[in-house]
Every structure is written in structure tokens, then in C-alpha cells.
1. Would you mind telling me which numbered condition in (1) farther than 21 Å from residue 372 by Cβ; (2) among the small types (Gly, Ala, Ser); (3) modelled with pLDDT of 95 or more; (4) in contact with a Gly (Cβ under 9 Å, 6 or more places away or on another chain) residue 494 fails?
2. Among 342, 408, 400, which is the only one that is within 31 Å of the chain's Cα centre (by Cα) and crowded, with 22+ Cβ neighbours inside 10 Å?
3. Restricting the search to segment 54-86, which residues are part of a loop (DSSP other than H, G, I, E, B) and either more than 13 Å from residue 22 (Cα to Cα) or open to solvent by 10 Å² or more (accessible area, probe 1.4 Å) (or both)?
4. Just for helices (runs of 4 or more DSSP H) wholly inside segment 448-552: which have at least 3 residues that are within 25 Å of residue 429 (Cβ to Cβ)?
5. Residues to consider are 116, 130, 137; find the one that is in contact with a strand residue (DSSP E or B) (Cβ under 7 Å, 6 or more places away or on another chain) and either aromatic (Phe, Trp, Tyr) or within 22 Å of residue 52 (Cα to Cα) (or both).
6. Mind checking which residues of segment 358-416 are over 22 Å from residue 326 (Cα atoms) and small (Gly, Ala, Ser)?
7. Would you check which residues across segment 503-552 are aromatic (Phe, Trp, Tyr) and out of contact with any Pro (no Cβ under 9 Å at 6 or more places or on another chain) and list them?
8. Is there any pair with a first residue in segment 93-113 that is open to solvent by less than 90 Å² (accessible area, probe 1.4 Å) and part of a loop (DSSP other than H, G, I, E, B) and a second that is of a type in the set (S, T, N, Q) and at pLDDT 90 or above whose Cβ atoms are under 6 Å apart and which are 6 or more apart or on different chains, and what are they?
Amino acid sequence: MVRPTLQLHPARTPVQPRPAATLLWLRDAEAGPEVLLTRRSPNASFLPGVFVFPGGRVDEADAAAADLVAPAAAALPHLAAAVAALRESFEELGVLHAHDAAGRPVNAQALAQLRRHEPLHPQLRASGLRLAADALRVAVRWTTDRDVQPRRFDTLFLVGRMPDGQAPVADDAEQFEPVWLRAADALARHEAGTLPMIFPTLRTLRWLAGFASVEAVLAACAGGRPLWESCPRGAFVGGKPQRYMETDLPFGELELVCPDGHMLHALDWQSERPVQLLRHLWRFTAPNPGVMTGPGTNCYLLGSPAAGYLVIDPGPPDDAHVARLVEFTGGKVQTIVCTHSHPDHSPAARPLAQACEAATGRRPPILGLPSEATARAHSEFTPDRVLADGERVVLDDPEHRVTLRAVHTPGHAANHLCLVLEEDGLLFSGDHVLNGSTTVIDPPDGNMAAYIDSLDRLLQECEHHDIRFILPAHGHVIGSAPQAIAWLKAHRLAREAKVLAAMRERPDGGPDDWVPVAYADTPKPLWPVAKRSLLAHVERIEALGLARPQRL
């Protein structure tokens, strides 16, 4: 757990969200299912002028309305939300999904006798009508961002088929301009700037766009539980606010830097200056973006001007990058640690050490593991001192002591190691775990069996030492560390199963025949890179005796 004193922003308690419900009315159309959207009043205190699905707060009367539904629906876990969504639909649009005592849909005469601007539940009891709560299904659950003030909502999104013979008519008080649109068309109009919508609506529409019929949507939501639950986090990109779900790549970084939801962090990639993540932690991204490096190689600095700095993975041999590191640290680098010897990680170590010596008269030692004989020529590396498995490197800062413990993790490279920041439960993963892609395992220096074994070891580290965040050499900080590593292992094994299936399908073939089968879901331009990892999978498959050895 990160020490609270190291957070960049003062702790605060987000506003407690109120329960709410919203309803996606759906109907089939020739080009695909359409969903009903309405524009909120421009004078509304919450989300003025944006297009939404009808809905609102779940009030006490909704929670006490079990007598207004069929007996079978009274036990629904989402009953209060369904009742609220149906009530709000009637109040805002005049659409009521209800039945009479005989189970027949409400007719036009009965509907006309109900008054939209008076409490609905007493009117239903007086007329003997029951809400069709069991016709609605739970789709997703959204909780308003932690940074939103002063109102937040915990909203269940429900889906239902539009009642036959009814047409939405806005109340022109809370809602205006009801419109039926295919999800794809609504998204296109938003991109064109003619249909303002908020993040949860957009993401829900993106999900809805994948269905060809209303029946398919309802079938997907038959489980009775939300397909996902999300409380987004916000950041700035290009100076503009953006929101991210838990499954989005930057989410873990926002969780680390702004745990209470402050919308202050910028996610733009740049190499000119460091990005501060905690009071004692900065990320300097080298100016080497590319297909294999993503936005560039992340160099991490731990420490303070008073105590000096530990540098992890100084990066490629780029003079301007080294100069920026020296300028930021004032040359007061105590130790340089390289996670492995690949050319985008370790070559800057010696120039940085020499520049620090020139600036301060002291040359920091370079720690790591020497490259093996299997390493390619551009990956040869010899540290000043070998960093033993389990060895600790300490920066004795009086304000925030730093202890890095080495964890040997061969696989991506034979001399790969990761580092655990013990005081704060952070894992510096080098190239072993990346954000947004899987690392390449390139034999003979890369070894798939060792890689998967190392994943198991990192998973144990996370579980035994409460490690929640991974700081990779490429990409943003990763949150939910144990889950991320478990997913990565499962993904690797699933890929291996595809490789094995390809080998069995083409037993007389070779890697060039197997890649199109095993990596059919990967863009063809990446197949040459995928082939390297495929060879590593083949080695492991043959070592396990799952297929006969091939002459590759």
C-alpha cells in the first residue's frame, strides 16, 4: 500500500453517490435496433443540455413498491431500480410499461387517465395497474466519477423493449427532443458535435452498437447481473478532460496518482520533462517511440534532492535524454539499476554514470545481471555489480526511505529482473509485464517456460506483499496487479493452445505455416514479431511432450 504521505494531492472523501436508474428503451428497425435518447433541460442543475437515456433517482417510494409489480417480480434484486426507471419513463416521456389485473398491457384509455405530473404509485394502486418490472433486464452499472461535485449517482442501466402502441412525448420540463437512433448513428452524431453526451452514455452506446436485434441485447443481459460495473476516472489529454474505465490502459495510473478522484493528472506522452507519480517517484520517458517500444522506454527515478536518486532503466544511448536525467537529478544519482540488457533499457547507464561523476565527483554504480551468451550482440551488458536475487538496494531518505528488492525473472531475457519497492507495494516490471501489449519472448535468450514461471513468482510477490500497482517499462502504470498478472498468464496459455492447435493441424508445417493460424487475431504486419514468440511457445510445447520436436 502506498504511504499516504507520498500522495501528490491532499486526501479527500468523495461525495457519497445516490442510487439511481436509467432505462434504454429499444425497438427493432430495418437497419438494426434503435435506442431512445432525450435531451436534458438546458436549465437542469445536473448535466444540462446533454442527451441521455430516461431515468432518475431511486426514491423511498420506489423501494417500497413491491405491491405494484407481479408477485414473481417482487423478488428481483434490482426491483427498486426497475420501478424507478419505469416511473421516470412515464413522468419524463409518457411511456408506461404496465399491465392490468388480467395481465393485459395498459391500454390507451387507462394511460390517458394517468397524470404525469402527479405521483405515479398512488395512481397505479387506485387503477389496479402493475408495472412490468420483470420485462426489464440489467445491463450495466455506472457510478459517477469521484471528482464530480456536488452530486454523484450509483446508476443501474436497464434495457427493455418499447411497449407497443406508445410514443414518447417529452415533458418539456426535464426532458426535450426524444429521438430514436441506432447506437452507431448516435455515436457518429456525437463525434460530429451535434449530439452532446457524457462518458457512460457513450460507452454504453458503444456496447449496444455490437447487436443486430433487440432480442440479442436482451439475451446478452439475461444473467440478472451487470455486464460490467464502472466508476470512471478523469485526466487531461491535450489539455482536455477525458474519462477512463477500469479496463482502459491509463486507469491504473489515475488510481495511483489521484486515488480520491482529483482530475489533475495529465496523460500526454512527452520526453522533455518528467511526470511525477508520487512525491518520491518520477517517470522519464525516453524519446524512442515505436512499434516495439510504444510511447518510449520508461525510466523511473526514486528519491529527493536531499537524499539523491535511484534510477531504474536509464534507457537508450540518447545524449539529450541522459542530459535531462542529469539536469533533473543534479547528478546526485546514488545507484543505477537495469532490469535487463536490451538496447532500449541499459545503454544509457554508463553515459549517465559518467555524467554524474563529472557533475558531482562521484560515479554511481550500475547494478543488474550480466547478459548471457545467448544474448544478441546489441544486448550485451556487464554491470558494475551483480544484483543477487532478493538483494535490497536502499536509499536512506529521512522523509521517505526507499527499499528496492530484486526479483530475478528470466523469460523475456535471460538476465531480466524486476524490482519491488517494499515500503509502497510497487512493482517495477521492466519488460516482463507491459501495459497494452504482451512482451516478445525471443529465443534463445528468451524462454517461454521461464517467462511463465516468472509470472507465477510475481503473482506470489503481489499476493504476499500487497502489491497493487505495476510500473512497466512501456506504457502507463497498471493497477490491480495480481489480476493483471493472472490475466497475462491466462492469455499466454490461451495463445499457446492456439499454437499447439496449429501444430496439430499442420504437423508437417513450420512456423510460417502456424503463425497465420495461431495469430489470426493479430494484424498481419505484426506476424514477423509474433513468429518469435511462437518459436518460444513451440519450445515449451515440445519440452512438455505435447508435440513431436520439429526441425525449425
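1. Unmet condition: (4).
2. Of 342, 408, 400, the one residue that is within 31 Å of the chain's Cα centre (by Cα) and crowded, with 22+ Cβ neighbours inside 10 Å is 342.
3. Those that are part of a loop (DSSP other than H, G, I, E, B) and either more than 13 Å from residue 22 (Cα to Cα) or open to solvent by 10 Å² or more (accessible area, probe 1.4 Å) (or both): 58, 59, 64, 65, 70, 74, 75, 76, 77, 78.
4. 448-465, 481-505, 527-543
5. 137
6. 371, 373, 375, 377, 379, 388, 390, 406, 411, 413, 414
7. Matches in segment 503-552: 514, 519.
8. What qualifies is 95/89; 95/166.
The values are calculated or read from the model by the stated rules, or taken from the named source; none is laboratory data. Just so it is clear, the model here is predicted, and its values are computed rather than measured. Cβ coordinates were reconstructed from backbone atoms using ideal geometry, including for glycine residues, and neighbour counts include every protein chain displayed. Side chains are part of the model used for accessible areas, which takes the heavy atoms of the whole protein and leaves out ligands, DNA and RNA. Shrake-Rupley method; radii C 1.70, N 1.55, O 1.52, S 1.80 Å.
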